[in-house]
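S.K.: Questions regarding the structure given below will be posed in turn.
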Amino acid sequence: MCAIEAGKRGRHVAVLERAERIGKKILISGGGRCNFTNLHCSPENFLSANPHFAKSALARYTPADFIALVQKHHIPYHEKTLGQLFCDRSATDITDMLESECKTAGAKIFLKSKIREVQRTTEFVVRCESAEFHAPVLVVATGGLSVSKMGATSFGYDLARQFGLKIVPTRPGLVPLLFDSNDLSHYGALAGVAADVIASTNHHSFREKMLFTHRGLSGPAILQISSYWNEGQAIHLDLAPQHDATAKIRESSDRSMATARRAFQEFLPQRFAALWLELNSTGAWTNPALEELEAKVHAWTITPSGTEGYEKAEVTAGGVNTDDLSSKTMETREVPGLFFIGEVVDVTGQLGGFNFQWAWASGAAAGRAL
Ligand SMILES: Cc1cc2nc3c(=O)[nH]c(=O)nc-3n(C[C@H](O)[C@H](O)[C@H](O)COP(=O)(O)OP(=O)(O)OC[C@H]3O[C@@H](n4cnc5c(N)ncnc54)[C@H](O)[C@@H]3O)c2cc1C
């Protein structure tokens, strides 16, 4: 996106990509259909040590701008849920579109060009294995640490440090959480079971699906809350959003485990309802006991032992400290001509097309300033 915008303005642009093709993460994103933006994108959908930083770039390159590009290329797409836009056919539609736009703008793409070293003399000298590039400006768009088999490395952060920039400590975001050994022994057998929940921690809540895995919890509600979760903290799960879960037990003439199971199966999958009640009800069915059960089902507390890590994380939270960058252009304050865009910057989107929207918007902001 940065190359396209800069090329359109007549700049000579070389895109250096270590892989044998561009946009590999685009190709695997959204289950191969790329959730390329979100209709309801706003600064609140992003995490950063400075929550105001992303505002300017997001306002100057909006989802409507990207949708206009998609429409110009006659790419069929649809809204899946919650404003999330996906390709109807395949994510290759998006990489083909970006490649074609680069070509039109005269931006050259050099594949299999892994950057080994960057030096700054009177200009930037970028050394790959078999070629050397010289340029007055350099834009770093190397992405985060998630999924090393896609080529993710710490190169962008190392480069930032080399030029004296600060890094907000990185951590995996949008990542499945792990049960501790006790919860795993109880709930591990539920792998594959899903439920509609509200997941909360640190004053953030998401109502979406939760999925049991062989090692812990996943699904959109958990991925979303994982970005706000810190090691050692608890997450709270409302397993019965907007349900008076114990009403049917209170009203029944047969207050028993069998009645409770029937009542809970109305909002939870059968196996989960039975197991959860077995582990969390006291076996007493008095009004106070039912009140306690009601409270518990709306705030089931789990303290994950950790996350599945960068290999399973959709994004890397943290990154190049935004204090060191101009929010209008993404240029570093201390090193004129050096820019950082996309995921390597300490701006992290929620699940739902926001990370790509940040990549497009920050790329456009830099491209228009080169
Ligand atoms: C499984 C998965 C699914 C996802 N799905 C979605 C989704 O549907 N919607 C969404 O919004 N976000 C999604 N994301 C997140 C999104 O893919 C990233 O946030 C986005 O790709 C970041 O863009 P970027 O250009 O900053 O970095 P990247 O897309 O990671 O691109 C960085 C590029 O730099 C290259 N590079 C790195 N180091 C060097 C070097 N030394 N020399 C040369 N080249 C180098 C890499 O090969 C790579 O091509 C998903 C992520 C994953 C892992």
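S.K.: So between His203 and Ala189, what do we pick up on full extension, going 0.36 nm a residue minus the alpha carbon distance? Before the final figure, lay out the partial values.
M.R.: Values: separation 14, 0.36 × 14 = 5.04 nm, distance 3.03 nm.
Full extension from His203 to Ala189 adds 2.0 nm.
S.K.: List, largest first, the extents of the alpha carbons of the stretch 11-51 along their principal axes, each in whole Å.
M.R.: The Cα atoms of the stretch 11-51 stretch 35, 30, 20 Å along the principal axes, largest first.
S.K.: What nm value, rounded to one decimal, do you get for the distance between Thr282 and Leu27 when each label is placed 7 Å out toward the C-beta?
M.R.: Placing both labels 7 Å beyond Cα along the Cβ direction yields 5.9 nm.
S.K.: Where in the stretch 325-352 does the label zone of Ala59 land, with the point 7 angstrom along Cα→C-beta and an amide N cut-off under 20 Å?
M.R.: Under cut-off, by backbone N: 325-331, 342, 347-349.
S.K.: Something else now. Kindly state, to the nearest 0.05, the FRET efficiency for Arg161 paired with Ala247, given R0 = 51 Å and r defined as their beta-carbon distance. Intermediate results must be reported in sequence, preceding the final value.
M.R.: On the way: r = 58 Å, r/R0 = 1.13.
Computed FRET efficiency for Arg161 and Ala247: 0.30.
S.K.: Hey, another quick one. Over the chain, what percent of the accessible surface lies on carbon and sulfur atoms, probe 1.4 Å?
M.R.: Within the chain, the accessible surface is 51 percent carbon and sulfur.
S.K.: If you don't mind, another one. Can you tell me the orientation of helix 354-367 relative to the chain, as the angle in degrees between its alpha-carbon axis and the longest Cα principal axis, to the nearest 10?
M.R.: 20 degrees
S.K.: Same structure again: I need to check one value: relative contact order of the chain, counting alpha carbon pairs closer than 8 Å and at least 6 residues apart, in percent.
M.R.: Normalised by residue count, the contact order of the chain is 26 percent.
S.K.: Okay, next question. Describe numerically, in nm with one decimal, the distance between label points set 7 Å from Cα along Cα→Cβ at Val125 and at Thr92.
M.R.: With each label placed 7 Å out from Cα toward Cβ, I get 4.1 nm.
S.K.: What share of all Cα pairs of the chain, in percent, falls into each consecutive 20 Å distance bin?
M.R.: It works out to 27, 48, 20, 4, 0, in whole percents.
S.K.: Oh, and also: Please report the equivalent ellipsoid semi-axes of the stretch 229-354, computed as sqrt(5 x eigenvalue) of the Cα gyration tensor, largest first, in whole Å. Kindly include the intermediate steps, with their values, before the conclusion.
M.R.: On the way: eigenvalues 482, 35, 31 Å².
Those come to 49, 13, 12 Å.
S.K.: Could you state, as a whole-number percent, how many of the C-alpha pairs of the stretch 327-370 are farther apart than 12 Å? Walk me through the numbers on the way to the answer.
M.R.: Values: 534 of 946 pairs.
When every Cα pair of the stretch 327-370 is considered, 56 percent fall beyond 12 Å.
S.K.: Using 10 Å bins from zero, what percent of all Cα-Cα pairs in the stretch 150-261 falls into each bin?
M.R.: 12, 30, 27, 19, 6, 3, 2, 0
S.K.: Would you calculate a helix-derived [θ] at 222 nm for the chain, using -39,500 (n - 2.57) for each DSSP H run of n ≥ 4 and dividing by the full residue count, to the nearest 500?
M.R.: Values: 13 runs with 113 residues, N = 370.
Calculated mean residue ellipticity at 222 nm is -8500 deg cm²/dmol.
S.K.: Put one equal scatterer on each alpha carbon of the stretch 72-122, apply the Debye formula with no solvent term, and list log10 I(q)/I(0) at q = 0.17, 0.24 1/Å to two decimals.
M.R.: -0.73, -0.96
S.K.: While we're on this one: Considering only DSSP beta bridges with both partners in the chain, what is the antiparallel share in %, to the nearest 5?
M.R.: Details: 44 of 51 bridges.
Rounded to the nearest five, the antiparallel share is 85 percent.
S.K.: Probe 1.4 Å, all protein chains in place: accessible area of Ile4 in Å², nearest 10?
M.R.: 0 Å²
S.K.: Relative to the longest principal axis of the chain, what angle (0 to 90°, nearest 10) does the C-alpha long axis of helix 92-105 take?
M.R.: 20 degrees
S.K.: Rounded to the nearest 10 degrees, what's the angle between the helix 287-297 long axis and the longest principal axis of the chain, both from Cα atoms, 0 to 90?
M.R.: The angle comes out near 20 degrees.
S.K.: Which loop trypsin sites (Lys or Arg not before Pro) in the stretch 161-229, with loop taken from DSSP, have no more than 13 other Cβ atoms within 10 angstrom of their Cβ?
M.R.: Details: sites: Arg161, Lys166, Arg207, Lys209, Arg215; in loops: Lys166, Arg215.
Filter output for the stretch 161-229: Lys166.
S.K.: Test of understanding: extend the Cα→C-beta vector of Thr81 to 7 Å, then name every residue of the stretch 158-189 with backbone N under 19 Å from that spot.
M.R.: Taking a point 7 Å out along Cα→Cβ of Thr81, the residues of the stretch 158-189 whose backbone N falls under 19 Å are 174-177.
S.K.: Top to bottom by accessible area (1.4 Å), largest first, where do Thr122, Thr307, Thr322 land? Working shown, then result.
M.R.: Numbers: Thr122 140, Thr307 35, Thr322 5 Å².
Heavy-atom accessible area, descending, gives Thr122, Thr307, Thr322.
S.K.: Still on this model: Please return the longest stretch of the chain lacking exposed loop sites, where GluC sites (Glu not before Pro) count only if DSSP places them in a loop and at most 12 other Cβ atoms lie within 10 Å.
M.R.: Of all site-free stretches, the longest is 21-128.
S.K.: If you take the Cα atoms of the stretch 92-168, find Rg, then find the Kirkwood Rh from the mean of 1/r over all pairs, what is Rg/Rh?
M.R.: Details: Rg = 14.3 Å, Rh = 14.5 Å.
Over the Cα atoms of the stretch 92-168, Rg/Rh equals 0.99.
S.K.: Now for a different question. Given a 1.4 angstrom probe, what's the average accessible area per residue across the stretch 307-370, in square angstrom?
M.R.: Working: 1790 Å² over 64 residues.
Normalised by residue count, the accessible surface of the stretch 307-370 is 28 Å².
The values are calculated or read from the model by the stated rules, or taken from the named source; none is laboratory data. None of the values given here were measured: they were computed from a predicted structure. Positions of Cβ are backbone-derived with ideal geometry, glycine not excepted, and every protein chain shown enters the neighbour counts. Heads up: the accessible areas ignore ligands, DNA and RNA and are worked out on the full protein's heavy atoms, side chains in. Shrake-Rupley method; radii C 1.70, N 1.55, O 1.52, S 1.80 Å.
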